[in-house]
Amino acid sequence: PQHPRRSDLWRRVAVGDLANALIEVSPDRYHPKLVVYGPASIAGPLNNRAKDMRIEWNSSRGVKDNLEDILGIKLPEPSVYQQDGKIKCGICLAFDDGAEIADQVCSSDQCAQSFHRQCLIQV
């Protein structure tokens, strides 16, 4: 959510200049569900590491610490994160359209622009 509340069960966080991760927690699962969106050269290795989450998740540690350890990256602090990066939709220029994530990514590593699926359909 753009303005998350503690009761929201998902978050989207930047995992680099060109990628973002959708993290969904559930009281029914021991570990969160994680999908990284972005160019294949960035998202692919991170999604592969996320497959090990069920094995490596440590319930005595916080979500951020677990994600950083499992993915092998340092997540940005909330105050550093800005919505003017390349993860906004290249068509409507919005970070999100209220519900849909800009998860369709140009396959060229030089471009790596994200788009909302609905925006691509309308073009």
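Here is how the numbers come out for the structure above:
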| read-out | value |
| --- | --- |
| The range 1-55: number of residues that are touching a Ser or Thr at 6+ places or on another chain (Cβ under 9 Å) and part of a strand (DSSP E or B) | 3 |
| Residues of the range 17-50 satisfying the condition of being basic (Lys, Arg) and more than 24 Å from Arg117 (Cβ to Cβ) | Arg29, Arg49 |
| Subset of the range 16-61 (residues that are open to solvent by 90 Å² or more (accessible area, probe 1.4 Å), among the acidic types (Asp, Glu) and more than 27 Å from Arg6 (Cβ to Cβ)) | Asp17 |
| Hits in the range 19-50 - residues which are under 25 Å from Ser107 (Cα atoms), among the small types (Gly, Ala, Ser) and in contact with a strand residue (DSSP E or B) (Cβ under 9 Å, 6 or more places away or on another chain) | Ala19, Ala21, Gly38, Ala40, Ala43, Gly44, Ala50 |
| Verdict on Leu67 being in a loop (DSSP other than H, G, I, E, B) and either at pLDDT below 85 or farther than 30 Å from Ile121 by Cα (or both) | no |
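The values are calculated or read from the model by the stated rules, or taken from the named source; none is laboratory data. The model shown is predicted, which means the values in this text are computed figures rather than measured ones. Cβ atoms come from the backbone with ideal geometry, glycine included; neighbour counts cover every protein chain shown. Ligands, DNA and RNA are stripped out before the accessible areas are found, and what is left, the full protein with its side chains, is counted by its heavy atoms. Shrake-Rupley method; radii C 1.70, N 1.55, O 1.52, S 1.80 Å.
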